[in-house]
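Here's the structure we're looking at; comments come further down.
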Amino acid sequence: MSGEGRPDPAPATSARTRYWQSFAVAFAAAIFSFITLPLTVAVFSTLLAGLAIWIAFVDLEDLIIPDLATAGIAILGLTLILLETPPSALSEEIPDVLMRAVTAGGLLFLVRVAFKRFAGKEGLGLGDVKLMAAGATFLSWASLPYALILAAAAAIMVIVAHRIRQGAWLDRETEIPFGAFLSPAIWAAFLLERLYLL
């Protein structure tokens with residue numbers, strides 16, 4: 001018998017490896033958060049990191065950003081604002097966070113439209129737009145640009161690394177899962193801001 005019909009164990013092994021890698025990164029993020037941040041903020045940082053890793057894992061696998069994870073980030077961000085903001089200041093903070101979300105998501109939407117117009121293909125999905133808007137609930141006006149810069153820098157590094165390893169640039173038709181870079185960048189920008197490094 002040649003073994004025809006047997007499933008290839010490689011994809012399953014690869015998926016298990018990525019699962020455990022994701023778990024290890026989430027655990028490390030949780031430990032770091034609880035060591036460096038106040039308890040309440042550490043809890044939210046850990047949950048944000050978990051959602052960011054989930055998004056990155058799914059986007060790398062399926063080129064899709066789960067709406068449930070994006071909604072979770074938005075809900076967590078708004079909840080943290082409610083916990084940290086004095087009741088008397090909520091009338092100012094809530095409109096401000098909504099403006100941040102609209103501005104951040106709107107910026108990526110404009111990039112999406114412009115790229116499609118000039119390149120003739122989609123460079124960003126609506127999932128990326130929604131993710132950036134949700135992430136804005138965790139970030140200040142000052143830290144928002146850093147999340148985008150970190151995500152773009154990470155994506156460029158991956159592209160350059162591919163060029164060095166393979167000796168050729170990625171094909172123009174290759175889809176890059178930007179959400180896999182953006183979601184960890186949102187967590188990183190939040191963490192850096194809370195550590196007073198931004």
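Results, tabulated for the structure shown:
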read-out: Candidate set: the stretch 114-159, residues that are assigned to a helix (DSSP H, G or I) and aromatic (Phe, Trp, Tyr); chosen: the one surrounded by the fewest Cβ atoms within 10 Å (Cβ to Cβ); value: Phe118
read-out: Residue in the stretch 105-119 that is aromatic (Phe, Trp, Tyr), without any contact (Cβ under 8 Å) to a residue 12 or more places away in the chain and farther than 26 Å from Gly50 by Cβ present; value: yes
read-out: Flag for Ala189 being at pLDDT 95 or above, in a loop (DSSP other than H, G, I, E, B) and farther than 20 Å from Leu110 by Cα; value: no
read-out: Filter pass, Ala101 being outside any loop (DSSP other than H, G, I, E, B), surrounded by 19 or more Cβ atoms within 10 Å (Cβ to Cβ) and without any contact (Cβ under 8 Å) to a residue 60 or more places away in the chain; value: yes
read-out: Odd one out for Leu83 among (1) farther than 22 Å from Leu148 by Cα; (2) under 20 Å from the mean Cα position of the chain (by Cα); value: (2)
read-out: Ala89 being surrounded by fewer than 13 Cβ atoms within 10 Å (Cβ to Cβ), at pLDDT below 95, hydrophobic (A, V, I, L, M, F, W, C) and assigned to a helix (DSSP H, G or I); value: no
read-out: Check on Leu60, modelled with pLDDT under 95 and surrounded by 13 or more Cβ atoms within 10 Å (Cβ to Cβ); value: yes
read-out: Residues satisfying the stated conditions in the stretch 131-164, i.e. within 13 Å of Ser183 (Cβ to Cβ) and either of a type outside the set (A, V, I, L, M) or touching a Ser or Thr at 6+ places or on another chain (Cβ under 7 Å) (or both); value: Leu131, Ala134, Gly135, Phe138
read-out: Tally, over the stretch 73-86, of residues that are assigned to a helix (DSSP H, G or I) and without any contact (Cβ under 8 Å) to a residue 60 or more places away in the chain; value: 8
read-out: Test: residue in the stretch 161-176 that is surrounded by 12 or more Cβ atoms within 10 Å (Cβ to Cβ), of a type in the set (A, V, I, L, M) and outside any helix (DSSP H, G or I); value: yes
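The values are calculated or read from the model by the stated rules, or taken from the named source; none is laboratory data. Please read these numbers as outputs of a predicted model, since none were measured by experiment. Here Cβ is always computed from backbone atoms with ideal geometry, including for glycine, and neighbour counts include all displayed protein chains.
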